[in-house]
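> Here it is, the structure, as structure tokens.
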Amino acid sequence: MFDSRTSTALALCALLVTSGCLGANGGQLTFSSSPTTVEETVLSETGYELTKNRTFHRQQNVTAAGQTVTVNVTNHQRQYDHTIDLGMFGEKRFATFVVLTTPAVDVAGQTLNPVGDWSNRRLVRELIQQYKGVSNVEHVTNRTVRSLGEDRTVNKFEADSSFEGIDMTVFVHVTSFKHGDDYVIAVAIHPKQIESEQDRVDKLLRGLNHNATAA
């Protein structure tokens, strides 16, 4: 369900270096995040398994005040899937949890990574634009989940989805926060009819591991 949704991470990565690099002194700037993963014990408890492990490198020349700076950014994506029994449709990997880690990219006191200024609602809008199988997204509710040492706000959305010829209503859970030198973005999608999946999503969030200092 997230081959198209993998564009979630790609779209975010492509946006990381689109802001002006004011205050830089020329040359090259390199920013590398530390990957965020889910504890193995939590994966075992929830039935999720790692299906994608990717590192994205982005390089862009940014010109400001007559100077050109090459900005190199390294981002990490982990995708975990859960097989769900959908009755007449059989068992399919229709529950997905993706966590993207991207560096804050602070230059001369300015945070150039636009993700830091985005609300979870803005994130959903950006993500859904990249995911052709989802439409009619509406906010449902917010909740608080403890993750990486602090309480995090998780926004829950309802949307229409079409995948492999199957139309269904899905829930989309999104949270984004800064941890150390990085931003951690977690997105989960699952069929609305599987109400127990939210408990698994919360366990995954509570089981996140991330080295607070960028590599």
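The values are calculated or read from the model by the stated rules, or taken from the named source; none is laboratory data. These numbers were taken from a predicted model, which means no experiment stands behind them. Glycine also receives a Cβ, built like all others from the backbone with ideal geometry; neighbour counts cover every protein chain displayed.
> Could you please let me know if PHE177 is under 15 Å from the mean Cα position of the chain (by Cα), among the aromatic types (Phe, Trp, Tyr) and surrounded by 14 or more Cβ atoms within 10 Å (Cβ to Cβ)?
Against the criterion (under 15 Å from the mean Cα position of the chain (by Cα), among the aromatic types (Phe, Trp, Tyr) and surrounded by 14 or more Cβ atoms within 10 Å (Cβ to Cβ)), PHE177 qualifies.
> When residues of region 180-215 are filtered for being assigned to a strand (DSSP E or B) and under 16 Å from the mean Cα position of the chain (by Cα), how many remain?
Selection size over region 180-215: 12.
> Could you identify the single residue in THR41, THR83 that is out of contact with any helix residue (DSSP H, G or I) (no Cβ under 9 Å at 6 or more places or on another chain) and at pLDDT 90 or above?
Every option except THR41 fails the conditions.
> A further question follows. Taking region 148-163 as the search range and keeping residues that are small (Gly, Ala, Ser) and in a strand (DSSP E or B), which one is farthest from LEU127 (Cα to Cα)?
SER162
> Can you find even one residue in region 50-68 that is closer than 21 Å to LEU148 by Cα, surrounded by fewer than 20 Cβ atoms within 10 Å (Cβ to Cβ), at pLDDT 95 or above and of a type outside the set (Val, Ile, Thr)?
yes
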